[in-house]
Amino acid sequence: APCSVPAIYTPPCSGYTKKAGSCRFGLHEQARQVREEMATGSREQILSRLRKKYSKHISLLGVACGSGLMAKHAAKGGADVILALNSGRFRQMGIGSLAGFMPYANCNRMVMEFGHRELVTAAGQTPVLFGLGASDPTINLPNFLDQIAAKGFAGINNYPSVGLIDGTFRAALE
């Protein structure tokens, strides 16, 4: 392999030469060092590490995982964050991602169940973000946010969101 950073994490490098056996630009080594520094922590610590990596022009990688096995391999492959989304779980069931936007299941309950049981435990030091259906009128949002934090999630992402919907239907949802 051209470098110690997995291919899913770092784009192919035009600076790699077989003769030298390394990247002449040093970007692969720099990416590896920054990734090794990444570990879960407070919101400020996580954001600081992501900003540091971004400032070095190293791509950030978020992986939407639907199972613990995917989270385990995403973390080993260098993911900066893992996203616990109901669409990821639907994909693992052989159903398309758009199912996450349909009323097939309670998205928050689904994400809490598999996200905590599988993703948070398998992700190691990689932060896991909870895909929160924040527009769900059946939850007490402040209490649910406390539950999300207590289960070990590093943050939230509003998903599924009405952001992909427009027109009269979106206005009614909002």
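The values are calculated or read from the model by the stated rules, or taken from the named source; none is laboratory data. The structure displayed is predicted, hence computed values, not measured ones. Note that we place each Cβ from the backbone using ideal geometry, even for glycine, and neighbour counts take in every protein chain shown. Note: accessible area is taken over every heavy atom of the protein model, side chains too, but ligands, DNA and RNA are not part of it. Shrake-Rupley method; radii C 1.70, N 1.55, O 1.52, S 1.80 Å.
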Answer yes if at least one residue in the stretch 139-155 is farther than 19 Å from S67 by Cβ and part of a strand (DSSP E or B), and no otherwise. yes
Scan the stretch 24-46 and tell me whether some residue there is modelled with pLDDT of 90 or more, farther than 12 Å from T126 by Cβ and open to solvent by less than 20 Å² (accessible area, probe 1.4 Å). no
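Results for (1) out of contact with any strand residue (DSSP E or B) (no Cβ under 9 Å at 6 or more places or on another chain); (2) open to solvent by 90 Å² or more (accessible area, probe 1.4 Å); (3) aliphatic (A, V, I, L, M), shown as yes or no for each residue.
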{"site": "A99", "(1), (2), (3)": "yes, no, yes"}
{"site": "H116", "(1), (2), (3)": "no, no, no"}
{"site": "P127", "(1), (2), (3)": "no, no, no"}
{"site": "P137", "(1), (2), (3)": "yes, yes, no"}
{"site": "N158", "(1), (2), (3)": "no, no, no"}
{"site": "D166", "(1), (2), (3)": "yes, yes, no"}
If you go through the stretch 118-125 one residue at a time, do you hit one that is in contact (Cβ under 8 Å) with a residue 40 or more places away in the chain, touching a Ser or Thr at 6+ places or on another chain (Cβ under 6 Å) and in a loop (DSSP other than H, G, I, E, B)? yes
